[in-house]
Amino acid sequence: MKTITIFGREGCGYCRRAVELCEIKHLQYRYIDIHKEGISKADLEKTIGKPVLTVPQVFHGQDHIGGYTELSGFLSQTQHNRA
């Protein structure tokens, strides 16, 4: 599996849950705090190609997955396909 990249911010419960989900599943991930790195939602919009209203914004390699809910579904589907 490719590296999971999570763009989030401090104090975001769903960002924290996305990180915890990756840790529970022993996945390689990278967490980027958008405030500490000076990344705006407009910057993310340019990368994703659509409006960004919330964080986390999660990528599998270069592919945009979505937020926490989409990450959870993606990982469940990926795990299901391996079984």
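Taking the numbered list (1) modelled with pLDDT under 95; (2) in contact with a Ser or Thr (Cβ under 9 Å, 6 or more places away or on another chain); (3) basic (Lys, Arg) in turn, Arg17 passes all entries but (1).
If the condition is being out of contact with any strand residue (DSSP E or B) (no Cβ under 9 Å at 6 or more places or on another chain) and either modelled with pLDDT under 95 or among the acidic types (Asp, Glu) (or both), then segment 27-40 contributes only Ser40. No other residue among Gly13, Gly38 is surrounded by fewer than 13 Cβ atoms within 10 Å (Cβ to Cβ), free of Cβ contacts under 8 Å to residues at least 40 places away in the same chain, among the small types (Gly, Ala, Ser) and farther than 16 Å from Gly67 by Cβ apart from Gly38.
Checked against the criterion of being modelled with pLDDT under 95, of a type outside the set (Asp, Glu), under 16 Å from Gly8 (Cα atoms) and touching a strand residue (DSSP E or B) at 6+ places or on another chain (Cβ under 8 Å), the candidates Ile65, Ile48 yield just one match: Ile48.
The values are calculated or read from the model by the stated rules, or taken from the named source; none is laboratory data. Predicted model only: the values in this text are computed from it and were never measured. When we count neighbours, we look across all protein chains shown, and the Cβ atoms used for this are built from the backbone with ideal geometry, even at glycine.
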